[in-house]
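Quick note: the coordinates plus some simple rules give every number you see, no bench work behind them. The model shown is predicted, which means the values in this text are computed figures rather than measured ones. Cβ placement follows ideal geometry from the backbone for every residue including glycine, while neighbour counts extend to all protein chains displayed.
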Amino acid sequence: MKKSLHFLAFLSLILSLLFTSCGPSKKLMVSEAKVDKLQKDNANALNQLNVCNAQVQNLNEEKASLQNEYASIQKDLKDLSNESKMTISDQARRLRSLQNMIQSQKDVMTKLKNSIADALMNYKADELSVYIKDGNVYVSLEEKLLFKSGSDVVDPKGKEALKSLAMVLNNTKDITVIIEGHTDNVPIKTKLFEDNWDLSTARATSILRILTKDYGFDPNRITASGKGQFHPVKTNDTVEGRAANRRTEIILSPDLNEIYKLLYQ
């Protein structure tokens with residue numbers, strides 16, 4: 001009987017130790033699981049925080065951009081408001097000033113055209129013509145007055161015409177001069193000229209040099225260009241038409257700076 005009691009007591013002690021040793025192991029596992037979950041939650045929270053920070057930065061940049069646009073719009077509105085303060089009376093005065101300037105320019109160009117026509121009156125109609133187009137004065141010189149066929153050397157008779165023209169131009173202020181060379185559509189290819197474009201440019205340049213070097217016209221107010229066969233005034237299907245297309249145009253343009261100032265002030 002005593003042996004049985006001792007055995008039961010010993011068994012109880014063993015079971016008690018077993019249960020005691022299992023308890024802390026389960027608690028440790030639970031704790032580790034909680035720590036792992038907390039670490040994951042913390043990582044998720046940090047990611048969300050980074051996303052939020054990026055969104056905040058984007059919003060700040062958009063806000064700054066909108067503020068700049070708003071400032072620009074405010075400036076435009078202010079400028080528009082200042083412009084709208086011009087009264088009807090002011091606008092009428094400005095319009096009258098513009099009309100007077102335009103009419104004055106027309107008068108100047110008409111007078112210039114008449115002066116050139118008078119200076120060149122000894123030349124025939126099939127040698128040159130003087131007219132106004134688009135507010136500019138055109139002096140159109142035929143090939144037979146200026147050049148031999150395929151040449152860019154100005155003939156003596158052509159030089160005399162240019163001398164008479166230069167006398168008028170030198171006494172006229174506030175104009176610019178463009179010299180345009182033109183040909184017909186018959187191809188040309190020589191040692192001097194690759195094509196009609198080359199010839200037309202060389203002819204315009206020859207006239208420019210005569211007006212500036214020989215007759216003293218201001219080189220800052222003159223330009224030369226070649227148009228080749230690409231701007232005909234008549235058909236190239238006839239002898240007469242091709243002759244009319246072989247020409248040099250001297251285009252005189254008025255100074256429009258004062259008009260531009262009035263338009264954009």
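About its Cα centre, how strong a charge dipole does the range 108-166 have in debye, to the nearest 20, once Lys and Arg get +1 and Asp and Glu get -1 at the Cβ? Before the final figure, lay out the partial values.
Details: 9 positive and 9 negative charges, 33 e Å.
In total the dipole reaches around 160 debye.
Which of Leu192, Leu208 has the fewest other C-beta atoms within 10 Å, and how do the rest follow up to the most? Please list the in-between numbers first.
Numbers: Leu192 12, Leu208 20.
Listed from fewest to most nearby Cβ atoms, that is Leu192, Leu208.
May I have the convex hull volume per residue, in Å³, for the Cα set of the range 92-263? Don't skip to the answer; put the middle values down first.
On the way: hull volume 21.0 nm³, N = 172.
In the range 92-263, the Cα convex hull volume per residue is 122 Å³.
Residues with amide H under 5 Å of Ile188's amide H, sequence separation 5 or more or different chain, H placed in the peptide plane at 1.01 Å from N; which?
Amide H neighbours of Ile188, under 5 Å, 5+ apart: Asn196.
For the range 88-157, with equal point scatterers placed on the C-alpha atoms only and solvent neglected, what are the log10 I(q)/I(0) values from the Debye formula at q = 0.14, 0.16, 0.21, 0.25 1/Å, to two decimals?
With no solvent term, the Cα-only Debye profile gives -0.59, -0.68, -0.91, -1.06.
Only Lys, Arg, Asp and Glu count, each charged at its Cβ (+1, +1, -1, -1), so figure out the dipole size of the range 92-263 about its Cα centre, rounded to 20 debye. Intermediate results must be reported in sequence, preceding the final value.
Working: 26 positive and 23 negative charges, 96 e Å.
Magnitude of the dipole: close to 460 debye.
Among 239-251, 51-63, 93-105, what's the highest-first ranking by average C-beta atoms within 10 angstrom per residue?
Working: 239-251: 19.2, 51-63: 10.0, 93-105: 12.8.
Ranked by mean Cβ neighbours within 10 Å, highest first: 239-251, 93-105, 51-63.
Rank Val239, Ile188, Asn136 by how far each Cα sits towards the positive end of the charge dipole of the range 92-263 (+1 on Lys, Arg Cβ; -1 on Asp, Glu Cβ) and give me just the farthest.
Positive-end residue among those listed: Asn136.
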